[in-house]
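Asker: I am attaching a structure below and will ask some questions about it afterwards.
Since every read-out is calculated from the coordinates, none of them should be taken as a lab result. Predicted model, so just to flag it, every value in this text is computed and none were measured. Virtual Cβ from ideal backbone geometry, glycine too; neighbours counted across all protein chains shown.
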Amino acid sequence: MLVLTRKLQEAIKIGDDIELTVLSIDGDQVKLGISAPKHIEIHRKEVFLSIQQENNQAASTSLNTFQALKKLKNS
């Protein structure tokens with residue numbers, strides 16, 4: 001993991017297209033501004049993990065449904 005120190009209003013560049021800027025610091029809370037192309041999805045980690053879990057459940061349900069239908073067809 002790369003660890004960088006930034007002060008208020010300082011930024012970090014990721015590649016050519018993404019910039020993270022420290023907008024405010026209030027106690028233990030830091031507000032970041034993110035500039036990135038619209039095609040890049042940006043989520044808080046807990047939201048990202050929730051989306052992944054829902055997608056995995058949906059894929060599993062679809063596979064189970066397909067296998068059940070296949071068994072019905074072969075009966």
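Asker: Which of the following residues is charged (D, E, K, R), surrounded by 10 or more Cβ atoms within 10 Å (Cβ to Cβ) and more than 20 Å from the chain's Cα centre (by Cα): Glu10, Glu19?
Answerer: When all the criteria are applied, what remains is Glu10.
Asker: Also, I was wondering about something else. Looking for something in contact with a Leu (Cβ under 8 Å, 6 or more places away or on another chain), among the hydrophobic types (A, V, I, L, M, F, W, C) and surrounded by 11 or more Cβ atoms within 10 Å (Cβ to Cβ) - is there at least one such residue anywhere in the stretch 50-72?
Answerer: no
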